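The block underneath contains the structure these notes are about, expressed in structure tokens.
The values are calculated or read from the model by the stated rules, or taken from the named source; none is laboratory data. As the structure is a prediction and not an experimental result, all values here were calculated from the model. Cβ placement follows ideal geometry from the backbone for every residue including glycine, while neighbour counts extend to all protein chains displayed. Accessible surface areas use protein heavy atoms only, side chains included; no ligands, DNA or RNA. Shrake-Rupley method; radii C 1.70, N 1.55, O 1.52, S 1.80 Å.
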Amino acid sequence: MYTDVIGKVSGKVKNTVERGLVKRFAQSIGDPHPIFIDEEYGKRSKYGTNIAPPTFPRVFESGTIEELQLPKKGLIHGEQRFHYERPLLVGEDVYVWTEVKDYYEKKGNNGLMGFLSVVKYGEDKDGKLIFKEEAITIITEAVRKAMSV
Amino acid sequence: MSNILTLEKGKTLSETLAPVSRMDLIKYSGASGDFNPIHTVDEEAKKTGLPGIIAHGMWTMGNLAKLFTPYYEEGFIKDYRIRFSGMVFIDDVITLVATVTTEEEQEIAFEVKAVNQAGKAVLKGDVTFVKTNG
């Protein structure tokens, strides 16, 4: 049922790497290092400013894909991958969009398990890739059936 | 402070976290915008068959990355890949571990995991740290 949406993409959404949000995010993962939150420390660092933790892109808005309808409950986060060309800089604008990368099914203990791969791309204003984030969500047969009713 | 550039194969970075608290997960919900109630509201977690609330997988994955935070002057995390393999409950004591698997001129590869107090890995994966100095 999800194979039809493979390759569908969202529009690009402009996000700003907000200083306050980076601080709160870093604190919430127990990592309030000055490279993330201390402005002076950031200025003296090799990046010339503060950077964001590698899992920070979870907060970005990344557009919607109308054809992609997911169940509200019962989804399992199976895998998560981040790829960076460089760290995200505090204060910069990032243009984020989403692509349904893949869908496949495998036989598991609970019937036919569905694996949905959704990739988010973060680009600078010139369209140059900064990061790529891939989430693989497991959708069990029971959850898929409950949804198609 | 130890220097990541000198880490050789088999060397590890490690840290044990304070027991997981409800407040940890409330804060992560707010900071990340992931308000799925199975992470904060017992009744909602129980409705889905869980014994109680569970941590966001991304909370644990976010925590694990801090093993590399002291080394951003020397490089950055180029690739960070995780497979979630177990749930984290309130009061669990999680240990974060990164072990060098290969060290090359430009990159150091690590096997990473988060393990609970029973010794079970709740997530596993790998990190590629790219050196940007020299």
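Scan region A:75-90 residue by residue and report those that are more than 16 Å from B:LYS131 (Cα to Cα), modelled with pLDDT of 95 or more and either facing chain B (nearest Cβ under 8 Å) or open to solvent by 50 Å² or more (accessible area, probe 1.4 Å) (or both). Let's see the steps before the verdict.
Here is the first cut: in region A:75-90, the ones more than 16 Å from B:LYS131 (Cα to Cα) are A:75-82, A:88-90.
Then drop every residue that is not modelled with pLDDT of 95 or more, which leaves A:78-82, A:88-90.
Scanning region A:75-90 gives A:GLY78, A:GLU79, A:GLN80, A:ARG81, A:PHE82.
Looking at A:GLY48, is it at pLDDT 95 or above, part of a loop (DSSP other than H, G, I, E, B) and open to solvent by less than 80 Å² (accessible area, probe 1.4 Å)? Don't jump to the end; show me each part of the working.
Numbers: at pLDDT 95 or above: yes; part of a loop (DSSP other than H, G, I, E, B): yes; open to solvent by less than 80 Å² (accessible area, probe 1.4 Å): yes.
The answer is yes for A:GLY48.
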Quiz prompt | Residue that is farthest from B:PHE76 (Cα to Cα) [pool: residues in region A:59-68 that are open to solvent by 50 Å² or more (accessible area, probe 1.4 Å) and in contact (Cβ under 8 Å) with a residue 24 or more places away in the chain] | solution = A:GLU67
Practice problem: Among what's in region A:105-126 and is loosely packed, with under 13 Cβ neighbours inside 10 Å and touching a strand residue (DSSP E or B) at 6+ places or on another chain (Cβ under 7 Å), pick the residue that is farthest from A:HIS77 (Cα to Cα). | Solution: A:LYS125
Quiz item: Quick one: which of B:LYS11, B:LYS27, B:LYS66, B:LYS78 is more than 9 Å from every other protein chain (Cβ to nearest Cβ) and of a type outside the set (A, V, I, L, M)?
Solution: B:LYS11
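Output the residues belonging to region B:1-52 that are β-branched (Val, Ile, Thr) and either touching an Asp or Glu at 6+ places or on another chain (Cβ under 9 Å) or open to solvent by 70 Å² or more (accessible area, probe 1.4 Å) (or both).
Within region B:1-52, the first condition is being β-branched (Val, Ile, Thr), and the residues that meet it are B:4, B:6, B:12, B:16, B:20, B:26, B:38, B:40-41, B:48.
Of everything in region B:1-52, those that are β-branched (Val, Ile, Thr) and either touching an Asp or Glu at 6+ places or on another chain (Cβ under 9 Å) or open to solvent by 70 Å² or more (accessible area, probe 1.4 Å) (or both) turn out to be B:ILE4, B:THR6, B:THR12, B:THR16, B:VAL20, B:ILE26, B:ILE38, B:THR48.
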Self-check item: Hits in region B:111-134 (condition: open to solvent by less than 50 Å² (accessible area, probe 1.4 Å) and without any contact (Cβ under 8 Å) to a residue 24 or more places away in the chain)
Solution: B:VAL115
Self-check item: Exclusive hit being over 25 Å from B:ILE38 (Cβ atoms) and within 14 Å of the chain's Cα centre (by Cα), set B:VAL93, B:VAL97, B:VAL88, B:VAL115
Solution: B:VAL97
